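Undergrad: Before I ask anything, here is the structure I am working with.
The values are calculated or read from the model by the stated rules, or taken from the named source; none is laboratory data. On a predicted model such as this, the values are computed, not experimentally measured, just so you know. Backbone-built Cβ (ideal geometry, glycine too); neighbour counts: all protein chains shown. Areas reflect the complete protein model, heavy atoms only, side chains present, ligands, DNA and RNA absent. Shrake-Rupley method; radii C 1.70, N 1.55, O 1.52, S 1.80 Å.
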Amino acid sequence: MKKLVRELLPFGSLVLVIAILSLWQPDSFLTLDNFLNVLRRSSVYGIVAVGMTFIIISGGIDLSVGSLLALCGMCAAGTMIRLGGEEPTVGIMAMGTAVGLLAGAVGGMVSGALITKLKLQPFIATLGAMSLYRGIALVMYDGQPINVSSYRYLGEGALLGIPISVILFLAVIATAGAILQFTRFGRHIYAIGSNVEAAHHAGVRVDRSLIGIYTLGGLLTGLGAMIAMSRTVSAQPTAGVGAELDVIAAVVIGGASLSGGRGTVTGTIVGTLLISFLHNGCTLVGISTNAQLIVIGVVIVLAVAMDQFTRRKAGDAA
Amino acid sequence: MALCPRVESSQFALEMLGISKSFGPIKALENVTLRVQQGTVHALVGENGAGKSTLMKILAGVHQPGAGTIVRNGNTCAWKDPSDSLAAGVAMIYQELSLAPDLTIAENVWLGIEPRGPLPGTYSKSRILADTRALAERHGFDVDPNQKVENLPSSTCQIVEVLKAIARNAEILVMDEPTSSCGEHGVAVILEMVKKLSRGGTTIIYISHRLEEVVEIARDITVLRDGRAVHTGPINDLKIPDIVTLMVGRNLSDYFPKKKVEVGSTALNVSELSSQTVENISFDLRWGEIVGVAGLVGAGRTELARVLCGLDPSIHGSVAIDGRITKIAKPADAISSGVMYVTEDRKRTGLCLDLPAAWNMTLPCLTELGMKHILNLGRENEIAEETAKKLSLKWSGPGALASALSGGNQQKLLLGRAIIAQSRLWVLDEPTRGVDIAAKIDIYELIGRMVADGKAVLIISSDLPELFGITDRILVMRRGRLVADLVTSETNPEAVMQLAAVDKGRT
């Protein structure tokens with residue numbers, strides 16, 4: 001029973017926020033357009049946060065996602081204009097997208113290799129990667145953004161009225177949730193995060209799994225980068241500055257533990273949406289973007305404190 | 001000069017009278033009395049689980065006694081906290097040392113009680129150096145106070161711990177297995193230190209498995225067995241074999257009769273196996289056989305198991321299973337070759353405590369269950385439930401967190417892995433440590449059933465009656481080497497203890 005309460009806590013907070021905003025601003029908030037808008041806006045960080053969920057459950061962290069977001073965009077956009085000039089064909093845009101995704105996967109794999117092969121702490125390894133990737137993204141085109149005005153599909157396209165980015169977001173959620181709950185790889189992620197020594201003793205190939213986890217995280221960051229790039233029809237070398245913190249916040253609000261072994265994709269989604277709806281709601285009721293930071297900060301601390309509190313209670317009962 | 005001793009003051013520096021302590025249904029100590037004379041070395045010996053550490057934790061104020069009193073200098077004491085006992089002059093020096101490796105010897109000795117420096121918030125470096133030097137000289141220790149602790153041998157670390165205790169005005173030192181991680185030279189250093197301390201008037205309670213040390217330095221001895229003090233008195237009329245007999249005493253076969261099992265062909269052949277920590281190990285294990293590995297803590301038993309199960313690399317020698325040379329380079333290789341290692345440290349290297357019990361059971365065996373990629377959660381739970389029945393596991397269900405289970409049931413989760421993986425060769429490292437009697441018997445019965453089923457079991461244990469109760473043969477290890485391969489029915493605990501504890505050339 002207590003466990004149920006604990007697991008529903010972030011979800012309950014989300015429902016509460018939506019309910020309050022619905023009562024407060026029924027005309028502007030409670031509309032399909034507004035909801036789709038929030039979903040579309042949360043899809044980029046949401047997809048990245050799903051990857052971060054895997055990493056945090058394994059007991060790690062990835063600070064490089066913001067930089068990698070920019071690097072993937074630059075790689076993809078660079079490929080498109082190199083091969084296709086101002087008006088790249090669909091084929092070339094697809095190729096650019098593949099390059100962007102690949103850059104993400106490789107970026108994640110590098111972090112994973114630094115952590116497992118050089119035995120660096122994830123915080124340090126990805127702190128280095130964060131600077132490295134940002135540097136590369138900036139150096140590539142002398143710090144200039146690249147315009148890809150015809151790359152609109154992921155950002156603006158829609159299928160049956162549902163934005164493509166939202167569909168991708170939902171697909172990522174479903175796949176990632178299934179991987180975590182229903183595959184041996186997913187089980188190993190929990191085991192590594194819960195007790196890496198015990199996992200190793202039990203025959204889990206810890207290094208291989210960790211490289212896989214960071215690669216997957218990088219790949220999802222690449223996907224997020226493609227959507228972000230398509231939305232602004234440009235690749236910015238300064239994109240995603242500070243994104244890692246928003247993403248980590250979403251995962252933690254969703255009930256994951258930074259010490260590993262705990263967390264779910266649904267929790268992360270709830271965390272992502274909670275932050276998005278708060279931003280959205282604040283804007284609608286006229287709270288400035290600067291003041292919104294205060295609101296978000298308070299919510300992060302409250303959410304994690306509540307989680308700790310209910311957990312301690314449950315621990316006492318056990 | 002008129003000395004005026006109080007009537008009740010005795011020659012005892014410390015008396016623990018009629019101490020009893022229970023943890024739930026388990027009686028850890030029953031009416032134990034320990035009297036330690038001022039300025040002597042008093043040895044406290046007993047097998048693992050005999051109650052030594054519980055008694056010392058009560059002395060340290062970590063636990064409170066269920067019954068009985070502690071008398072220090074004629075005053076009855078009730079210590080609620082380790083700081084209370086330290087204030088009364090009793091200091092513990094535990095096996096795991098608690099020094100800060102990056103600080104110097106002097107800084108460690110005065111940590112937390114630094115003499116104030118000229119400015120607020122500072123301490124006088126020159127003073128702690130001088131004080132440490134004086135303290136060391138007074139007790140005849142040769143240490144450089146300015147040296148970092150990081151690079152010191154463990155025997156010197158023990159000296160630092162002792163200085164730290166003395167700097168806090170300790171008059172009674174409790175040393176728990178101070179030589180367990182020392183080489184030959186380190187042992188000599190520590191014994192010398194103890195003798196010097198004792199000559200200087202410090203009272204020492206000395207806990208050790210190494211009986212030759214005990215008879216060398218102690219004046220009195222108290223032997224604990226199953227939570228009772230079975231002997232206490234001066235050591236001079238006792239020889240090592242006498243002490244061993246007092247320690248072992250009981251016979252497990254009383255409540256676990258070993259069943260006769262037809263022994264099959266050679267299951268495991270280990271030939272000249274060496275690693276960083278074990279040297280030139282050769283032995284055989286046959287299907288249907290239970291072979292014990294005896295030895296002191298640090299003799300290399302766990303290290304042998306780690307090499308066999310792919311946790312540590314071997315640098316020489318070979319392992320053959322069923323006559324075929326088998327390369328086991330990582331734990332997964334061991335599991336797929338039918339070898340399951342059950343760790344001695346289930347909390348640190350065995351279980352994922354905050355994950356469900358069922359997940360813990362199936363973790364190493366998912367491939368064997370046909371779940372190489374995709375899990376079948378329904379079937380997983382079914383198998384877990386089934387295995388739980390075979391183990392008489394007490395849990396609220398497969399979803400119960402491993403941390404919510406008792407020690408015995410946690411141990412059964414790990415044993416369940418071998419059942420689920422249908423491992424043929426079980427390597428069990430202290431499988432009944434910290435487990436209550438009922439669960440112990442369940443575990444013995446399980447082992448008995450498994451060998452009757454043609455499996456082979458290698459069991460590492462510090463509990464000699466256990467080894468004598470259930471094994472066919474006993475291997476004895478000492479300092480990384482195999483020193484004896486004995487048929488259980490043809491030997492006795494005293495002989496095994498002697499082989500394990502006594503170095504040739506010493507005593």
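Undergrad: Show me the strands (runs of 3 or more DSSP E) found entirely inside segment B:196-307 where at least 1 residues are free of Cβ contacts under 8 Å to residues at least 60 places away in the same chain.
TA: B:228-234, B:266-274, B:281-286
Undergrad: Residues that are in contact with an Asp or Glu (Cβ under 9 Å, 6 or more places away or on another chain), over 15 Å from residue A:60 (Cβ atoms), away from chain B (no Cβ under 14 Å) and open to solvent by less than 10 Å² (accessible area, probe 1.4 Å): does segment A:221-236 have at least one?
TA: Checking segment A:221-236: at least one residue is in contact with an Asp or Glu (Cβ under 9 Å, 6 or more places away or on another chain), over 15 Å from residue A:60 (Cβ atoms), away from chain B (no Cβ under 14 Å) and open to solvent by less than 10 Å² (accessible area, probe 1.4 Å).
Conditions tested, residue by residue: (1) part of a loop (DSSP other than H, G, I, E, B); (2) open to solvent by 80 Å² or more (accessible area, probe 1.4 Å); (3) at pLDDT 85 or above.
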| position | (1), (2), (3) |
| --- | --- |
| B:121 | yes, yes, no |
| B:128 | no, no, yes |
| B:131 | no, no, yes |
| B:143 | yes, no, yes |
| B:152 | yes, no, no |
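Undergrad: For residues in segment B:82-119 being among the acidic types (Asp, Glu) and at pLDDT 85 or above, which is surrounded by the fewest Cβ atoms within 10 Å (Cβ to Cβ)?
TA: In this case the residue turns out to be B:102.
Undergrad: Could you tell me whether residue B:63 is open to solvent by less than 10 Å² (accessible area, probe 1.4 Å) and either under 26 Å from the mean Cα position of the chain (by Cα) or at pLDDT 90 or above (or both)?
TA: When the stated conditions are applied, residue B:63 does not pass them.
Undergrad: Give the residue, chosen from A:97, A:126, A:89, A:175, that is within 14 Å of another protein chain (Cβ to nearest Cβ) and of a type in the set (Val, Ile, Thr). Before you say what the answer is, go through the steps one by one.
TA: Details: A:97 fails: within 14 Å of another protein chain (Cβ to nearest Cβ); A:126 fails: within 14 Å of another protein chain (Cβ to nearest Cβ); A:89 fails: within 14 Å of another protein chain (Cβ to nearest Cβ).
A:175 is the lone residue from the list that is within 14 Å of another protein chain (Cβ to nearest Cβ) and of a type in the set (Val, Ile, Thr).
Undergrad: Oh, and also: Hey, any hits in segment B:395-415 for a residue that's closer than 24 Å to residue B:275 by Cα and buried (at least 22 other Cβ atoms within 10 Å of the Cβ)?
TA: The answer is no; no qualifying residue exists.
Undergrad: Given the condition on the phi < 0 side of the Ramachandran plot, part of a helix (DSSP H, G or I) and basic (Lys, Arg), answer yes or no: does some residue in segment B:455-468 qualify? Before you say what the answer is, go through the steps one by one.
TA: Just the residues of segment B:455-468 that are on the phi < 0 side of the Ramachandran plot, to begin with: B:455-468.
Now narrow it down to the ones that are part of a helix (DSSP H, G or I): B:464-468.
Within this subset, residues satisfying the condition of being basic (Lys, Arg) are none.
Among the residues of segment B:455-468, not one is on the phi < 0 side of the Ramachandran plot, part of a helix (DSSP H, G or I) and basic (Lys, Arg), which makes the answer no.
Undergrad: Of the residues that make up segment B:73-81, is at least one at pLDDT below 85 and assigned to a strand (DSSP E or B)?
TA: So far as segment B:73-81 goes, no, none of its residues is at pLDDT below 85 and assigned to a strand (DSSP E or B).
Undergrad: Among the basic types (Lys, Arg), more than 20 Å from the chain's Cα centre (by Cα) and closer than 17 Å to residue B:500 by Cα: does that describe residue B:195? Please lay out each step first, then the result.
TA: Values: among the basic types (Lys, Arg): yes; more than 20 Å from the chain's Cα centre (by Cα): yes; closer than 17 Å to residue B:500 by Cα: no.
It is false that residue B:195 is among the basic types (Lys, Arg), more than 20 Å from the chain's Cα centre (by Cα) and closer than 17 Å to residue B:500 by Cα.
Undergrad: Name the residues in segment A:24-43 that are open to solvent by 10 Å² or more (accessible area, probe 1.4 Å) and within 14 Å of residue A:243 (Cβ to Cβ), would you?
TA: Result: A:41, single match.
Undergrad: Could you figure out which of (1) open to solvent by 40 Å² or more (accessible area, probe 1.4 Å); (2) at pLDDT below 85; (3) touching a helix residue (DSSP H, G or I) at 6+ places or on another chain (Cβ under 7 Å) isn't true of residue B:254?
TA: (3)
Undergrad: Tally up the residues in segment B:408-433 that are without any contact (Cβ under 8 Å) to a residue 60 or more places away in the chain and within 21 Å of the chain's Cα centre (by Cα), please.
TA: So the count comes out to 4.
Undergrad: Where residues in segment B:72-81 are surrounded by 15 or more Cβ atoms within 10 Å (Cβ to Cβ) and hydrophobic (A, V, I, L, M, F, W, C), which of them is nearest to the chain's Cα centre (by Cα)?
TA: My answer is B:79.
Undergrad: Out of (1) modelled with pLDDT of 90 or more; (2) under 22 Å from residue B:338 (Cα atoms); (3) of a type in the set (D, E, K, R); (4) open to solvent by 20 Å² or more (accessible area, probe 1.4 Å), what's the single condition that is false for residue B:389?
TA: Residue B:389 satisfies every listed condition except (2).
Undergrad: Among (1) surrounded by fewer than 22 Cβ atoms within 10 Å (Cβ to Cβ); (2) within 14 Å of another protein chain (Cβ to nearest Cβ), where does residue B:427 come up short?
TA: Failed condition: (1).
Undergrad: Moving on to the next point. Residue check: is residue B:161 acidic (Asp, Glu), surrounded by fewer than 18 Cβ atoms within 10 Å (Cβ to Cβ) and touching a residue at least 40 places away in the same chain (Cβ under 8 Å)?
TA: Answer is no for this residue.
Undergrad: Please go through segment B:346-377 and pick out each residue that is facing another protein chain (nearest Cβ under 7 Å), charged (D, E, K, R) and farther than 19 Å from residue B:302 by Cβ.
TA: B:354, B:372
Undergrad: Could I ask something else about it? Within segment A:185-218, count every residue that is assigned to a helix (DSSP H, G or I) and either among the aliphatic types (A, V, I, L, M) or more than 7 Å from chain B (Cβ to nearest Cβ) (or both).
TA: Within segment A:185-218, residues that are assigned to a helix (DSSP H, G or I) and either among the aliphatic types (A, V, I, L, M) or more than 7 Å from chain B (Cβ to nearest Cβ) (or both) number 23.
Undergrad: Out of (1) without any contact (Cβ under 8 Å) to a residue 12 or more places away in the chain; (2) within 12 Å of residue A:188 (Cα to Cα), what's the single condition that is false for residue B:386?
TA: Every condition holds for residue B:386 apart from (2).
Undergrad: If a residue must be open to solvent by 30 Å² or more (accessible area, probe 1.4 Å), over 20 Å from the mean Cα position of the chain (by Cα) and not hydroxyl-bearing (Ser, Thr, Tyr), how many such residues does segment A:277-308 contain?
TA: Within segment A:277-308, residues that are open to solvent by 30 Å² or more (accessible area, probe 1.4 Å), over 20 Å from the mean Cα position of the chain (by Cα) and not hydroxyl-bearing (Ser, Thr, Tyr) number 13.
Undergrad: In segment B:314-345, which residues are within 26 Å of the chain's Cα centre (by Cα), open to solvent by less than 30 Å² (accessible area, probe 1.4 Å) and more than 8 Å from chain A (Cβ to nearest Cβ)?
TA: Listed by number, the residues that qualify are B:339, B:340, B:342.
Undergrad: Continuing with the same structure: Search segment A:132-157 for residues being open to solvent by 60 Å² or more (accessible area, probe 1.4 Å) and among the hydrophobic types (A, V, I, L, M, F, W, C), and hand back the single one that is nearest to residue A:237 (Cα to Cα).
TA: Restricting to residues being open to solvent by 60 Å² or more (accessible area, probe 1.4 Å) and among the hydrophobic types (A, V, I, L, M, F, W, C), the top hit is A:138.
Undergrad: Sort out which residues of segment B:214-237 are open to solvent by less than 10 Å² (accessible area, probe 1.4 Å) and within 12 Å of residue B:33 (Cβ to Cβ), and write them in order of number.
TA: B:222, B:224
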